[in-house]
């Protein structure tokens, strides 16, 4: 009986240890905006994968591959950092494309839990997104959907790389980008 009790206690301990020792949870941010302009005009602004002049956070783009799957672009951000992205899907007829961040430059380093950690300029990991333009009731709806993890993939992230920071950064880029797209399309 003592052995059974000991085994059950050990099993419960191991279960709670494993259950509480999990890493980050995949985050999702979806933003949508209605634009009072034809969908073709809105799509015309964002359809070129190598042109992000409509996205305020981006200072410049160097791209290869056009609008073909596998095309890449390196974004230089206004804060000086860079992001490298790969085009995963492009459908001009449906006015949509999907992409993934493949590399993020470092903004600075910090010491966290006794280890030097690189803090990326965009505090995410494994980021993928899609953007879609759709005509609805005489207007245009643009949907931008993202999925990602926080930048720090271990437990107990520093504030610079936790979910709150990642969500705030992603939401800001999407909202600012869609608001600027609306202002360009409604001119």
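Taken together, the values in this text are just the output of simple stated rules run on the coordinates, not laboratory data. Because the structure is predicted, anything quoted here is derived from the model rather than measured. For neighbour counting, all protein chains shown are included, and Cβ atoms are generated from backbone atoms with ideal geometry for every residue, glycine included.
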Report task. Work out the FRET efficiency for residue 103 and residue 183 from their Cβ-Cβ distance, taking R0 = 22 Å, and round it to the nearest 0.05. Result -> 0.15
Query raised in the report: Can you give the relative contact order of the chain as a percent, counting alpha carbon pairs under 8 Å and 6+ residues apart?
Result: 26 percent
Requested in this report: Measure nothing fancy, just the Cα-based angle from helix 2-20's long axis to the longest principal axis of the chain, in degrees from 0 to 90, nearest 10.
Outcome: 20 degrees
Report task. Within 10 Å, count the other beta carbons around each residue, average over each peptide in 35-47, 60-72, and list them highest first. Result -> 35-47, 60-72
Report summary line: Heads up, region 25-102 by the C-alpha gyration tensor (a ≥ b ≥ c square roots of eigenvalues; a/c under 1.5 rounded, else a/b over b/c prolate, else oblate) looks rounded
Query raised in the report: For a label point 7 angstrom out from the Cα of residue 76 toward its Cβ, which stretches of region 38-54 have the backbone nitrogen within less than 16 Å?
Result: 51-53
Query raised in the report: Once every DSSP H run of n ≥ 4 in the chain is given -39500 (n - 2.57) and the sum is divided by its residues, what mean residue ellipticity at 222 nm do you get, rounded to the nearest 500 deg cm²/dmol?
Result: -9000 deg cm²/dmol
Query raised in the report: So what is the relative contact order of region 58-138, in percent, for Cα pairs below 8 Å that sit 6 or more residues apart?
Result: 22 percent
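If you rank 31, 85, 176 by fewest surrounding Cβ atoms within 10 Å, what's the result? Please list the in-between numbers first.
Details: 31 19, 85 23, 176 14.
Arranged by neighbour count, lowest to highest, 31, 85, 176 become 176, 31, 85.
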Query raised in the report: When the chain is fully extended, how far beyond the present Cα-Cα distance does residue 89 get from residue 175, taking 0.36 nm per residue of separation?
Result: 28.7 nm
Query raised in the report: Normalised by the residues of region 111-187, what does the relative contact order come to in percent, with Cα pairs under 8 Å and at least six apart?
Result: 28 percent
Requested in this report: Please give, to one decimal in nm, the separation of the simple spin-label points placed at residue 32 and residue 128, each 7 Å out from Cα toward the Cβ.
Outcome: 2.2 nm
Report summary line: Expressed in nanometres to one decimal, the distance between label points 7 Å along Cα→Cβ at residue 115 and residue 40 is 5.4 nm
